[in-house]
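The structure appears right after this line, and notes come after that.
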Amino acid sequence: MTNVNTRELKKELLTRVLLQEFPTYSLVAELARREEKQAEPGEGGMIFHERFRKFCAEQFNLTVAQLIGPRKPKRIAEARALSMVVAHRVLHASSTEIAKLFGRKDHSSVFHAKTTVDSRNEMRSAAQDLEARWQNFQRAEGKGRRRDYPVDGGKDK
């Protein structure tokens, strides 16, 4: 049996009951509403979320595929956890939406990332730094110019 979310099962059952009791209830309308909700999670829609994912991948010298993929090397897992925590703060989307944005199955991945980041001082400060760089990036884009933000916090090597 595949992994099934109980909320999804409840929604599906409710939809089927409504269809039996009220034949005029349109399944097409329900599916359209679901698609619309999935297309624009939280504030700003998918394009905004895609920009955030790409920004985070660039900050950690990863590809978006690596950031959202199943691999768990420490460097990638920490980058993913930091990105999910900051996404939860700045995108104002639900934990489930953030988890899906980063290729995870459910909201518990976001809670685990938050626990991991909050328990380690260096990760907590890295999350604050990433959030600040995202806000600077947003301001720069809002003014019509794009600036590349280095991974090392702007320190010259």
*asked:* Given (1) farther than 23 Å from Ala65 by Cβ; (2) modelled with pLDDT under 90, identify the lone condition not met by Asp129.
replied: (2)
*Is it fair to say Ser108 is touching a residue at least 24 places away in the same chain (Cβ under 8 Å), polar (S, T, N, Q) and surrounded by fewer than 20 Cβ atoms within 10 Å (Cβ to Cβ)?*
no
_Lone qualifier among Ala132, Ala140, Ala113 - being surrounded by 19 or more Cβ atoms within 10 Å (Cβ to Cβ) and of a type outside the set (Val, Ile, Thr)_ = Ala113
*Subset of segment 99-144 that is more than 13 Å from the chain's Cα centre (by Cα) and aromatic (Phe, Trp, Tyr) - its residue that is farthest from Val86 (Cα to Cα)*: Phe137
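The values are calculated or read from the model by the stated rules, or taken from the named source; none is laboratory data. Fair warning: this is a prediction, and the values are worked out from it, not measured in the lab. Note that we place each Cβ from the backbone using ideal geometry, even for glycine, and neighbour counts take in every protein chain shown.
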